[in-house]
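The values are calculated or read from the model by the stated rules, or taken from the named source; none is laboratory data. Source: prediction; values computed, not measured. Backbone-built Cβ (ideal geometry, glycine too); neighbour counts: all protein chains shown. Heavy atoms of the whole protein, side chains included, go into the accessibility calculation; ligands, DNA and RNA do not. Shrake-Rupley method; radii C 1.70, N 1.55, O 1.52, S 1.80 Å.
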Amino acid sequence: MTQESVPTPAAAPAPAGNVPSTVGGALRALRTARGWSLEDVSARIKFSPRQLQALEEERWEALPSGVSLRGLIRNYARLLGADGDVIAASLDGVAPPAAPGRPPVNGVHPRTGAGLSIEDERAPTSSWGWLIAILVVVAIAIAYAFWQGWLPQEWLSFQWLAHVITQ
């Protein structure tokens, strides 16, 4: 029993007159030329098909903004064999810029009305919580070291400090 291989039609490049002039249209054309569905791409780059469809349709209000949007476009373009940096750079003037100085109102972005991404929800003071947690862990480790006898007991009294100051 012999198996004949059936040649699959190769995706021909689009003629110069049919090249999409939009970011989303270009990405859709590249995806369909490869014969991939939105679910195929979603499984490879870990963005939801809903986000990919919104990108192809250029519904910017349904997408994250700023760095997240550029990362989505770079990953999508690279997967499709295009230069992700060039396509992401073409967003200037097309996609609305992120509004870093405008605080959210009840979890809704004031410009678009869309829900905020995780990056936008993060408070700028969240690093204080980590700093306090690290200091608590260090204090516990030092106390444990004294309890186990790993550190000299003289360090608990401040006599060594007086000795250092008088010299």
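Mind checking which residues of the stretch 52-65 are free of Cβ contacts under 8 Å to residues at least 40 places away in the same chain, surrounded by fewer than 19 Cβ atoms within 10 Å (Cβ to Cβ) and not hydrophobic (A, V, I, L, M, F, W, C)?
We begin by selecting, within the stretch 52-65, every residue free of Cβ contacts under 8 Å to residues at least 40 places away in the same chain; these are 52-59, 63.
Now restrict to residues that are surrounded by fewer than 19 Cβ atoms within 10 Å (Cβ to Cβ): 53-54, 57-59.
Within the stretch 52-65, Gln53, Glu57, Glu58, Arg59 qualify.
Out of the residues in the stretch 102-154 that are more than 23 Å from Arg70 (Cβ to Cβ) and in contact with a helix residue (DSSP H, G or I) (Cβ under 8 Å, 6 or more places away or on another chain), which is modelled with the lowest pLDDT? Going through the qualifying residues, I end up with Gly107. Considering the stretch 35-82, the qualifying helices (runs of 4 or more DSSP H), each wholly inside and each with 3 or more residues that are touching a Gly at 6+ places or on another chain (Cβ under 6 Å), run over 67-79.
Among the residues of the stretch 140-155, what is the count of those that are at negative phi and in a loop (DSSP other than H, G, I, E, B)?
Within the stretch 140-155, the subset at negative phi is 140-148, 150-155.
Then keep just the ones that are in a loop (DSSP other than H, G, I, E, B); that gives 150-152.
Total meeting the criteria: 3.
Of the set (1) at pLDDT below 85; (2) under 21 Å from Leu63 (Cα atoms); (3) open to solvent by 50 Å² or more (accessible area, probe 1.4 Å), all apply to Val23 but (3). Taking first residues from the stretch 66-82 that are charged (D, E, K, R) and partners that are at pLDDT 85 or above, the Cβ contacts under 9 Å between residues at least 6 apart in sequence or on separate chains come to Arg78/Ile45.
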